[in-house]
Amino acid sequence: MTQDPGKGVMINGEHRRVAEGTSIAQMIADIGLDPAKVAVERNLEIVPRSTFGEVMVEDGDEFEIVHFVGGG
Amino acid sequence: MTDSWTVAGHTFRSRLIVGTGKYKDFEQNAAALEASGAEIVTVAVRRVNVSDPSKPVLQDYIDPKKVTYLPNTAGCFTADEAIRTLRLAREAGGWDLVKLEVLGEAKTLYPDMRETLKATEVLAKEGFKPMVYCVDDPIAAKQLEESGAVAVMPLGAPIGSGLGIQNRVTIRLIVEGAKVPVLVDAGVGAASDAAVAMELGCDGVLMNTAIAEAKDPVRMARAMKLAVEAGRDSYLAGRMAKRRYADPSSPLAGLI
């Protein structure tokens with residue numbers, strides 16, 4: 001038996017692997033982000049913050065995780 | 001005497017909106033904001049740094065509960081990019097009030113009005129309240145208003161140029177024709193430029209570089225606050241008529 005390879009995903013243009021059965025809330029926590037300060041787009045669709053705990057990460061998902069920075 | 005303005009149902013006392021880019025650090029940015037008296041700050045939406053998420057962030061220094069964050073679409077060159085950015089911004093912050101800017105080219109950062117109008121329509125249909133950066137064109141401003149812009153924000157001069165209000169005639173025409181607030185966005189360099197914008201009857205002024213790139217940003221922020229207030233009072237007071245020649249202020253009668 002091989003080890004669980006997990007799911008291959010893209011986060012902000014970087015390849016990452018996450019374990020089977022990881023929710024978006026878990027993925028954000030694993031990166032070390034405060035979910036209250038970010039917004040998440042998954043395969044070009046907004047993921048409402050209220051559903052972070054329910055939405056599971058799927059193989060091949062492409063995520064954009066953004067926040068506010070200084071700007072004019 | 002209280003003076004306030006209202007955009008999309010939100011009322012503000014300060015008529016100065018300041019950006020949060022180009023500052024030396026967050027401390028200086030927060031100090032300049034304090035000195036400016038602004039109640040709204042513009043912010044950009046960018047990818048988080050997934051490699052180093054522990055870095056300090058803007059919210060640690062400027063509290064979005066105390067100051068209204070106005071998310072922008074800086075760096076977007078198409079309607080689709082701008083709409084995508086603002087959908088994320090709404091989710092990140094929970095606000096419908098946003099600043100739309102769709103740029104036409106990097107050299108001038110002039111707005112692409114075709115894409116801007118397209119984005120304004122879509123955003124308004126989705127429940128956003130877009131305050132829209134635009135050319136200083138009275139017809140374009142009207143079209144934006146018809147498309148759902150809650151404020152029109154013509155440029156005074158190119159973004160970051162500090163050249164001052166280049167076309168007072170068109171800014172005044174926009175003010176006269178608009179039913180929504182008009183704010184000069186971009187081009188202010190010195191406090192006198194902000195006063196000019198307000199004397200033309202604008203509801204407010206938005207600036208970033210003029211404060212952030214001043215030698216003393218905190219002092220310039222204060223100057224801008226005073227200039228906006230002075231310009232507003234000057235507009236409301238109603239200026240004297242212009243004459244072609246002199247008119248003495250002291251009486252001619254009783255001269256020795």
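The values are calculated or read from the model by the stated rules, or taken from the named source; none is laboratory data. The structure presented is a predicted model; accordingly, all values stated were derived computationally and were not measured. Because the Cβ atoms are built from the backbone with ideal geometry, glycine has one as well, and the counts that use them run over all protein chains shown. The protein model used for the area step is the full one, side chains on, heavy atoms only, and it has no ligands, DNA or RNA in it. Shrake-Rupley method; radii C 1.70, N 1.55, O 1.52, S 1.80 Å.
For the stretch B:116-187, the relative contact order works out to 33 percent when only alpha carbon pairs closer than 8 Å and six or more residues apart are counted.
State the percentage of accessible surface on the stretch B:1-158 attributable to carbon and sulfur atoms; use a 1.4 Å probe and exclude ligands, DNA and RNA.
In the stretch B:1-158, the share of accessible area belonging to carbon and sulfur is 49 percent.
The separation of the stretch B:1-18 from the stretch B:219-254, counted between C-alpha centres, amounts to 23 Å. Computed from backbone phi with θ = phi - 60° and the Karplus coefficients 6.51, -1.76 and 1.60, the 3J(HN,Hα) list for the stretch B:55-61 is 4, x, 10, 3, 4, 5, 10 Hz; x is used for glycine and proline.
By DSSP, the beta bridges lying fully in the protein assembly as shown are antiparallel in about 50 percent of cases. Calculated accessible area for chain B comes out at 49 Å² per residue, all protein chains present (probe 1.4 Å; ligands, DNA, RNA ignored). Put A:Arg42, B:Arg46 in order of accessible area, highest first, and with a 1.4 Å probe you get B:Arg46, A:Arg42. Mean projection of the Cα convex hull over all viewing directions, computed for the stretch B:12-237: 11.7 nm².
The 3J(HN,Hα) values that the Karplus relation (6.51, -1.76, 1.60; θ = phi - 60°) gives for the stretch A:56-63 are, in residue order, 8, 6, 10, 4, x, 4, 10, 10 Hz. Gly and Pro appear as x.
For B:His10, the solvent-accessible surface computed with a 1.4 Å probe is close to 90 Å², ligands and nucleic acids excluded. Taking amide H as placed 1.01 Å from N in the peptide plane, the amide H of B:Cys134 sits under 5 Å from that of B:Met153, B:Leu155, each at least 5 places away or on another chain.
What the stretch A:13-60 shows is 57 Å² of accessible area per residue, with the surface traced by a 1.4 Å probe over protein heavy atoms. On the basis of the beta-carbon distance and an R0 of 22 Å, A:His15 and A:Met56 show a calculated FRET efficiency of 0.70.
In Å², nearest 100, what accessible area do chains B and A bury in total when the solvent probe is 1.4 Å? Mind dumping the intermediate values first?
Working: alone 13870 and 5180 Å², together 16490 Å².
The buried area between B and A, both sides summed, comes to about 2600 Å².
In this simple spin-label approximation, B:Ser192 and B:Glu213 carry label points 7 Å from Cα along the Cα→Cβ vector, and these lie 1.9 nm apart. For the stretch B:83-107 versus the stretch A:1-55, the spacing of their alpha-carbon centroids is 23 Å. Per atom type, chain A shows carbon and sulfur on 51% of its accessible surface, probed at 1.4 Å.
Could you work out the relative contact order of chain B, using alpha carbon pairs under 8 angstrom and six or more residues apart, expressed as a whole percent? Intermediate values should be presented prior to the final figure.
Values: 491 pairs, mean separation 47.2, N = 256.
So the answer I get is 18 percent.
A simple spin-label model places the labels of B:Ser4 and B:Tyr110 3.9 nm from each other, with each point 7 Å out along Cα-to-Cβ. Highest mobility in the GNM of chain B, judged by mean-square fluctuation with C-alpha springs under 10 Å and restricted to B:Gly94, B:Gly177, B:Gly19, is found for B:Gly94.
Below 8 Å between Cα atoms, with a sequence gap of 6+, how large is the relative contact order for the stretch A:7-67 in percent? Before the final figure, lay out the partial values.
Details: 97 pairs, mean separation 28.1, N = 61.
This gives 46 percent for the stretch A:7-67.
Taking trypsin sites (Lys or Arg not before Pro) across the stretch B:182-256, the ones in a DSSP loop with at most 10 further Cβ atoms lying within 10 angstrom of their Cβ are B:Lys215, B:Arg239, B:Lys242, B:Arg243, B:Arg244. Sorted largest first by accessible area at a 1.4 angstrom probe radius, with every protein chain in place, the residues B:Phe128, B:Phe26 fall in the order B:Phe26, B:Phe128.
With r defined as the distance between the Cβ atoms of A:Ser23 and B:Ser234 and R0 fixed at 41 Å, what FRET efficiency is calculated, to the nearest 0.05? Using R0 = 41 Å, I get an efficiency of 0.10. Ranked from largest to smallest solvent-accessible area, with a 1.4 Å probe on the protein heavy atoms, A:Asp61, B:Asp193, B:Asp96 come out as B:Asp96, B:Asp193, A:Asp61.
Computed over chain A, the Cα gyration tensor eigenvalues convert (square root of 5λ each) into semi-axes of 23, 13, 11 Å, ordered from largest to smallest.
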